[in-house]
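Below: one structure, written as structure tokens.
The values are calculated or read from the model by the stated rules, or taken from the named source; none is laboratory data. No experiment lies behind these values; they were computed from the predicted model shown. Here the Cβ is made from the backbone with ideal geometry for all residues, glycine too, and neighbour counts use every protein chain on show.
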Amino acid sequence: MQTGFGHPRLIACGLLATLFAASPSSAQTPPNEQEDTGLRSVPLHVLKDEYKFWTSPLRRGSYSAHTFQFLVPFLAISGALLATDRRIAETLPNTSDQTRWSGRVSQAGASYSMAGIAATTYLVGRITGNERAKKTGLLSMEAFGHAHIATFAIKQITNRGRPVDGNGHGGFWRGGNSFPSGHSASAFAVAAVFASEYREHPMVAITSYSAAALIAASRSGARRHWMSDIFVGSSAGFFLGRFIHRRHLPATAAGNTIQRKWVPNIGVAGSGFGVGWHW
């Protein structure tokens, strides 16, 4: 299990396939036309969506061609990173300066930072009467909550060691809590809500995703997570954020323009094999 793509890592990939087989990317639930947007509605919405998410693999209607178009590249990249995590980590300088500064940057993705951004956006919207900002804050809170619940659950199942734990092999079921990265999931969940809501303003998406990517990358520099932890956490946060925005924002609201076409498309032609994303 110290090198290569050992049996436990294959099991971890199988677990991911089960959890994300009916991921938010393939959710069929249309956005609500009359959505309760009060602050008190957040806990109830989170509970309802958690039930839908964790039970979706049991529903036959959750599976479609789009589901597997997402799963194939996701599992391929996850598997490749799991097999090369140690090699990637060893390419970094891993100096005390790198660890210290990366750790400081990664705090931008901490719970208090992400929750603060969501809460501040909601309060600004409420004080100024800006319904769009208010809804963005609420949806960010929900996405943040889902990201934490999902990553916590998977961490408890996988128990993977961090790069600085024990012998630094990153083994699964060793009592660790490295897989996946909660900071990455939270950052991308909140970023996806902002980018989806203010889709007509490209700079919002560029700024949101750039900040989330910087936070995610810093978790590797701080030696708190393996690259596969970061990729899986970031992917989970991204899809959860998009799912929350599409599910709870009224279809007539500005910014609710998410289309199926953003799902990966896989094609095979006479000259080769290709994977592409359309945004």
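Some points to look at:
- Selection from region 122-131 of residues that are of a type outside the set (Val, Ile, Thr) and exposed (fewer than 15 other Cβ atoms within 10 Å of the Cβ): LEU123, GLY129, ASN130, GLU131
- One residue alone among SER178, SER184, SER228, SER208 is buried (at least 19 other Cβ atoms within 10 Å of the Cβ) and free of Cβ contacts under 8 Å to residues at least 40 places away in the same chain, and that residue is SER208.
- Being surrounded by 14 or more Cβ atoms within 10 Å (Cβ to Cβ), touching a residue at least 12 places away in the same chain (Cβ under 8 Å) and not hydroxyl-bearing (Ser, Thr, Tyr) is not true of ARG59.
- Restricting attention to region 48-97, the residues being in a loop (DSSP other than H, G, I, E, B) and over 26 Å from ARG162 (Cα atoms) number 3.
- Some residue of region 81-98 being out of contact with any helix residue (DSSP H, G or I) (no Cβ under 8 Å at 6 or more places or on another chain), farther than 16 Å from HIS225 by Cβ and of a type in the set (D, E, K, R): yes
- Residue within region 81-96 that is buried (at least 21 other Cβ atoms within 10 Å of the Cβ) and either polar (S, T, N, Q) or more than 19 Å from SER234 (Cβ to Cβ) (or both) present: no
- Looking only at region 220-233, residues that are within 11 Å of the chain's Cα centre (by Cα) and within 15 Å of LEU75 (Cβ to Cβ) come to 2 in all.
- In region 62-80, the residues that are at pLDDT below 80 and either exposed (fewer than 12 other Cβ atoms within 10 Å of the Cβ) or among the hydrophobic types (A, V, I, L, M, F, W, C) (or both): ALA65, PHE68
- Hey, GLY109 within 17 Å of the chain's Cα centre (by Cα) and of a type outside the set (A, V, I, L, M, F, W, C) or not: yes
- Consider region 163-206 and keep the residues that are of a type in the set (Ser, Thr, Tyr) and in contact with a His (Cβ under 9 Å, 6 or more places away or on another chain). The one that is farthest from GLY233 (Cα to Cα) is SER196.
- Among the numbered conditions (1) free of Cβ contacts under 8 Å to residues at least 24 places away in the same chain; (2) at positive phi, the only one that TRP173 does not meet is (1).
- Meets criteria (free of Cβ contacts under 8 Å to residues at least 40 places away in the same chain and either surrounded by fewer than 16 Cβ atoms within 10 Å (Cβ to Cβ) or out of contact with any Phe, Trp or Tyr (no Cβ under 7 Å at 6 or more places or on another chain) (or both)) for SER106: no
- Which listed residue is of a type in the set (A, V, I, L, M) and free of Cβ contacts under 8 Å to residues at least 60 places away in the same chain, from LEU92, LEU123: LEU123
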